[in-house]
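Taking it in order: structure first as structure tokens, then the write-up.
Any read-out appearing in this document is the output of simple, stated calculations on the displayed coordinates, not a laboratory observation. The structure presented is a predicted model; accordingly, all values stated were derived computationally and were not measured. Note that each Cβ is placed from the backbone with ideal geometry, even for glycine, and that neighbours are counted across all protein chains shown.
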Amino acid sequence: MGTDSKLIRSEKGMVIVYVAILLMMMFGFLGLAVDGGHLFKVRGELQNAADAAALKGAWHLYTRPTDPTQLPTLQWEVARFQAQQMITENSSDNTALKDAMVDVGYWNTNSNILQPTTLPTPVPGVDIPAVRVIASRSDGNNGGPVKNFFMQIFGKDYSQVSSRAAVAMLGFPYTVPPAVPAELFPLALSKCMTDQYFSQVPMPDPPPEIRISSPYIPGGDTCYSGQWTSFKADTNDVRTIKDLMYKGNPEPLAIGDEIWIEPGVEGSLYNHIVPDWLPEGGKDVIMAIVDAGTSDLSVKGDLPITGFASFHIDGAVLKGLDKYVYGHFIEYFTSPPGTMPGGPPTNTLTRPRLIQ
């Protein structure tokens with residue numbers, strides 16, 4: 001009996017140890033579930049704040065001039081300030097946020113590295129103006145680390161939490177996606193003409209009338225202002241061009257892509273613009289810019305896109321052999337959602353977009 005009593009007491013002691021271990025494990029899992037869920041919620045709040053701040057900062061990377069003689073220009077410190085201000089409009093775990101790590105510079109889309117604002121020669125389509133924001137709850141930041149509940153049992157009273165880096169960028173269009181209703185109009189502008197126009201400092205006010213599908217003055221006979229395009233399709237029929245007027249580019253178009261230039265498109269297109277397509281007061285559109293090299297746009301063929309610009313169409317004229325669309329450049333325009341920045345400076349800016 002004595003031996004059996006000792007075994008029973010030993011087994012009872014082991015049960016107590018097992019129960020204690022089990023309870024500790026249960027409290028550990030409970031702590032992970034409760035505190036982990038709480039920290040996940042806080043991290044989500046910090047991430048939302050960082051995303052909002054990056055987008056707000058990116059929106060202010062460029063000026064929005066109301067003066068038609070000026071183009072948008074970079075303003076790094078304004079973007080940084082606006083991002084910091086946006087952080088203070090958010091909270092985390094019922095604690096108002098006060099600050100964040102905000103950096104501005106050129107985001108390299110190949111290496112995913114933020115480069116300094118003094119980058120000598122940003123590469124088009126690769127080095128794009130951006131704002132990076134990281135929000136955290138840590139020592140000295142936004143009320144300090146987050147207080148734990150159950151994990152205090154294990155001596156972990158607080159946890160430090162950070163958002164992942166939120167990066168938003170903005171710039172001149174590099175890639176224009178399909179959009180309905182159409183915003184990219186099937187007329188291409190010549191690089192020759194747009195270089196002449198946008199290199200003027202200041203640009204003319206009021207902007208002069210420009211006739212597209214004719215030689216651009218003062219460019220002369222070798223510098224056409226623009227010409228019809230069917231984008232990537234090699235076609236020369238009125239139905240196709242009319243569809244493109246309403247539906248826009250059926251696939252994304254980017255700088256470097258070649259599009260089909262088609263001079264002498266049927267005269268009925270000019271009569272169709274007014275009054276069928278063009279609303280009263282005209283319409284703002286985006287047009288691709290193409291490089292005709294040393295020739296002009298009077299010969300059909302594929303030409304590479306070098307950029308995108310905004311143009312206000314006032315009307316169209318068809319008088320015998322004299323047919324053209326006329327209008328003027330506008331001071332500032334926002335391209336369709338989803339447009340990728342990274343193109344050369346014109347009068348068109350993209351919307352800010354998160355890339356990380």
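About the centre of its Cα atoms, the chain shows a dipole size close to 1640 debye [charges on the beta carbon of Lys, Arg (+1) and Asp, Glu (-1) only; nearest 20 debye]. Fully extending the segment from residue 160 to residue 199, taken as 0.36 nm per residue of separation minus the present Cα-Cα distance, adds 8.9 nm. The order of the peptides 335-344, 49-58, 253-262 by mean Cβ neighbours within 10 Å, most packed first, is 49-58, 335-344, 253-262.
Rg ratio for the chain: its Cα radius of gyration over 2.2 N^0.38 Å, N being its residue count, equals 1.48. Each peptide in 195-208, 287-300, 86-99 receives the mean, over its residues, of other Cβ atoms within 10 Å, and ordering these scores from highest gives 287-300, 86-99, 195-208.
Amide H contacts of residue 223 (H built 1.01 Å from N, in plane; Pro and chain starts excluded): 216 sit under 5 Å, all sequence-distant by 5 or more or on other chains. With a cut-off of 15 Å between beta carbons, the residues surrounding residue 329 carry a summed charge of -4, where Lys and Arg count +1 and Asp and Glu -1. Look at the dipole of the chain built from charges on Cβ: of 261, 349, 189, the Cα furthest out on the positive end belongs to 349. Amide hydrogen proximity for residue 107: with H placed 1.01 Å from N in the peptide plane, the residues at 5 or more positions away or on another chain lying under 5 Å are 115, 128, 130. Membrane-span-like helices of the chain, defined as complete DSSP H segments with a Cα extent of 27 Å or more along the helix axis and a mean Kyte hydropathy of at least 0.5, are identified as 2-59.
Using Cβ point charges alone (K and R +1, D and E -1), the dipole size of the range 39-145 about the Cα centre works out to roughly 120 debye.
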